[in-house]
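J.: Let me begin by handing over the structure; questions about it come next.
Any read-out appearing in this document is the output of simple, stated calculations on the displayed coordinates, not a laboratory observation. Computed from a prediction, not measured in an experiment: that's the story for all the values here. Here the Cβ is made from the backbone with ideal geometry for all residues, glycine too, and neighbour counts use every protein chain on show.
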Amino acid sequence: MAFSLDSVLRDNIKKVKPYSSARDEYKGTEGIFLDANENPYGSVTEKQVNRYPDPLQRDVKAALAELKNIPAEHIFLGNGSDEPIDLLIRATCEPGRDSVLILPPTYGMYEVSAGINDIEIIAVPLTKEYDLNVEAILAAVKSNTKILFICSPNNPTGNVMSEDRVKTILTAFSGIVVVDEAYIDFADTKGFVPLLNQYPNLVVLQTFSKAWGMAALRLGTAFASKEIVAVLNKIKPPYNINLLTQECALEALKNVSAKDKMVRQILEQRNWLRTELSKLPVCLELYPSDANFILMRTPDGKKVYDFLVEHTVITRDRSKIILCEGCIRITIGTEQENKRLLEVLKKF
């Protein structure tokens, strides 16, 4: 089915006029700025943050465009990946009328954002191998289903979804397909950003929180057609990415080698930790991971989680999630942290 952005967008979104900030109207960097009601004397901190930031984060997008080899107009920057998730739902789904489709077990914010916006949630579980059940997914799509969320590598299972199955859904579904690649730097694949030109309904989410080690800054990226990006820019808050975050992102993008080094260290620790965990009686099963975490099935996920907490080793209890019964999710730590984890698990 052919994708048409106009048929997916809400009517009020098509008509809305975006807020025009002072920095939107004057795009220069020099001058006497008497336009935005800012404090002209500077800041109460040594860091000069008295002026509003670039609302479209042009410098960051230019650097990111060079790294990803795509035009800057195909990039949206959000306050974490959660912002574009919410904006996409608000742009396309009429409250109380439309639906989105999720594939549990998966990242929880898709369901939370849909619920906040009063959008019906259609849930089609993954297969027992944690892959896409294409036939069931397409059968569950309704005429009012506007977005389909695919997390790959998946959270909490850690695996990359089969590329051919994602492509089948992109071709068959007439709404927006969001492929959330928060953990893509840890996987042996380039992901779906290189395929943007082939699929006008594709939105790829990535983040600076994981491989880049910048979770506290809350900087997410959405790669999509320039038409979809234009809609997101139209409805976002005017200054959604603060100056300090933009400056840190620019600094990080000049030092890709440091990010790559950390990724290699995490992958080395992931491989070592898998080997050591598999030797423990508490470990019933380890699932393949393309992310910076491991999903481990245990005799009792809640008891194992609580025991670890008692020893101040904090994991995530995923045992109440469909297809993850008995499981805990373990983020890959430093060598010292991972050794401590193993010491405590041996005592369980």
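J.: Report, in degrees rounded to the nearest 10, the 0 to 90 angle that the Cα long axis of helix 226-235 makes with the longest principal axis of the chain.
T.: Once rounded, one gets 80 degrees.
J.: Additional query: Could you list, by residue number, the cysteines of the chain that have no other cysteine's beta carbon within less than 4.7 Å of their beta carbon?
T.: When partners are defined as cysteine Cβ atoms under 4.7 Å apart, the chain leaves Cys93, Cys151, Cys248, Cys283 without one.
J.: Using amide H atoms built 1.01 Å from N in the peptide plane, name the residues 5+ places from Ala182, or on other chains, whose amide H lies under 5 Å from its own.
T.: Under 5 Å from the amide H of Ala182: Ser152.
J.: Let me ask something additional. So how strong a dipole does the range 257-347 carry about its Cα centre when Lys and Arg Cβ are +1 and Asp and Glu Cβ are -1, to the nearest 20 debye?
T.: For this selection, approximately 40 debye.
J.: With 5 Å bins from zero, work out the P(r) of the range 6-126 over every alpha carbon pair and list the percent per bin.
T.: 2, 8, 13, 14, 15, 15, 13, 9, 6, 3, 1, 0
J.: From the backbone phi of the range 205-217, what are the Karplus-calculated ³J(HN,Hα) couplings (6.51 cos²θ - 1.76 cosθ + 1.60, θ = phi - 60°) in whole Hz, Gly and Pro given as x?
T.: Going residue by residue, I get 9, 9, 8, 8, 6, 9, 4, 7, x, 10, 4, 5, 7 Hz, with x marking Gly and Pro.
J.: Considering every pair of different Cα atoms, what Kirkwood radius, in Å, is found for the chain?
T.: 21.8 Å
J.: What list of ³J(HN,Hα) values in whole Hz, one per residue of the range 166-180 in order, does the Karplus curve 6.51 cos²θ - 1.76 cosθ + 1.60 (θ = phi - 60°) give from phi, with Gly and Pro shown as x?
T.: Running phi through 6.51 cos²θ - 1.76 cosθ + 1.60 with θ = phi - 60° gives 5, 4, 4, 5, 4, 6, 8, 8, 8, x, 7, 10, 9, 9, 8 Hz.
J.: Which percent of Cα pairs goes in each bin when the distances of the range 257-347 are cut into 5 angstrom slices starting at zero?
T.: Each 5 Å bin holds this share of Cα pairs: 3, 15, 26, 26, 17, 8, 4, 1, 0.
J.: Quick query: amide H of Tyr107 versus all other amide H atoms, modeled in the peptide plane; which residues come in under 5 Å with a sequence gap of 5 or more or a different chain?
T.: Asn155
J.: Still on this model: Could you work out [θ]222 nm for the chain from helices alone, using -39500 (n - 2.57) per DSSP H run of at least four and dividing by all its residues? Round to the nearest 500 deg cm²/dmol.
T.: -10500 deg cm²/dmol
J.: Long-range amide H contacts for Val49: which residues qualify at under 5 Å (H placed 1.01 Å from N, peptide plane, sequence gap of 5 or more or a different chain)?
T.: Counting only residues 5 or more places away or on other chains, the set is Ser43.
J.: What does the charge dipole of the range 5-254 about its Cα centre add up to, to the nearest 20 debye, if the Cβ of each Lys and Arg holds +1 and the Cβ of each Asp and Glu holds -1?
T.: Here the range 5-254 has a charge dipole of around 340 debye.
J.: When the Cα centres of the range 281-348 and the range 72-90 are compared, how far apart do they sit, in Å?
T.: The range 281-348 and the range 72-90 have Cα centres separated by 32 Å.
J.: Another question, if that's okay. Got a sec? Charge dipole of the chain, +1 on Cβ for Lys and Arg, -1 for Asp and Glu; which of Val263, Leu232, Cys283 is way out at the positive end?
T.: After comparing all options, I get Cys283.
J.: Just to check I understand the Karplus step: with θ = phi - 60° and J = 6.51 cos²θ - 1.76 cosθ + 1.60, what whole-Hz values come out for the range 275-285, glycine and proline as x?
T.: After applying 6.51 cos²θ - 1.76 cosθ + 1.60, I find 4, 6, 4, 5, 7, 8, x, 5, 8, 8, 6 Hz.
J.: If you project the alpha carbons of the range 20-66 onto the principal axes, what extent comes out on each, in Å, largest first?
T.: 36, 26, 18
J.: Whole angstrom only: what separates the Cα centroid of the range 102-116 from the Cα centroid of the range 192-246?
T.: Comparing the Cα centres of the range 102-116 and the range 192-246, I get a distance of 18 Å.
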